[in-house]
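Working notes for the structure below.
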Amino acid sequence: MTALLVTARRQRERAGKLAYWASLDQRQRSERNRRLPTARVRMPLEERLWHDIEPEPNSGCWLWIGAQRNNGYGYLRLENGRTMAAHRISYMHWRESIPFGLVLDHKCRVRSCVNPQHLRVVTRRQNVLENSRGITATLASEIACKRGHLFDARNTYRWIRANGWEGRGCRACGNWRAKQYRAHQSLAK
């Protein structure tokens with residue numbers, strides 16, 4: 001029911017805009033179009049960056065007030081039509097290029113910050129492990145298995161799969177599982 005009301009309201013709004021546009025004569029339409037900024041006029045990159053930056057005096061962050069994605073990161077369209085994250089453009093403009101395979105980490109933990117002094121270059125793995133509350137970071141931060149055996153050099157085995165995924169396991173728990181498996185196999189014979 002509510003979806004139908006929303007659709008009807010949108011149709012009324014659209015009809016109102018069309019009626020307004022139709023009520024303007026040709027001269028008024030052309031004046032209105034002239035006042036609108038065109039996409040072809042481009043400012044230099046540094047000027048475009050400063051246009052959408054608002055410095056925050058307490059933390060030192062440069063907050064991006066321009067276009068933002070749902071995840072909170074700002075973005076900017078370059079001259080070639082490509083869209084790029086605002087903090088990456090800022091870092092490359094005022095500091096240096098970002099090496100291939102590395103990402104930027106916000107030291108201040110503010111996603112809309114584009115201050116190059118608040119950004120550092122890290123590996124994707126390091127960024128996930130330090131800043132995430134996901135399963136990867138949680139498992140990597142554990143110091144013992146679920147049965148209480150420590151993940152130390154003597155009790156931990158590691159593996160790398162063909163697709164590049166890494167893992168670790170508890171040697172004591174693996175020995176216990178192997179013993180249980182052998183006992184089950186001997187009963188089956």
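To keep it simple, each residue is scored yes or no on (1) charged (D, E, K, R); (2) modelled with pLDDT under 90.
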| site | (1), (2) |
| --- | --- |
| LEU24 | no, yes |
| GLN28 | no, yes |
| PRO55 | no, no |
| ARG125 | yes, yes |
| THR136 | no, yes |
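So for segment 174-184 (the condition being polar (S, T, N, Q) and over 30 Å from LYS107 (Cβ atoms)), does at least one residue qualify? Yes: one or more hits. Here THR83 fits the description: closer than 24 Å to ASP105 by Cβ and modelled with pLDDT of 60 or more. Could you list, in sequence order, the residues of segment 75-103 that are surrounded by 19 or more Cβ atoms within 10 Å (Cβ to Cβ), among the hydrophobic types (A, V, I, L, M, F, W, C) and under 18 Å from GLY60 (Cα atoms)? Of everything in segment 75-103, just one residue is surrounded by 19 or more Cβ atoms within 10 Å (Cβ to Cβ), among the hydrophobic types (A, V, I, L, M, F, W, C) and under 18 Å from GLY60 (Cα atoms), namely ALA86.
The values are calculated or read from the model by the stated rules, or taken from the named source; none is laboratory data. Quick caveat: nothing in here was measured; it's all calculated off a predicted structure. Cβ sites come from the backbone with ideal geometry, for glycine too, and all protein chains shown count toward neighbours.
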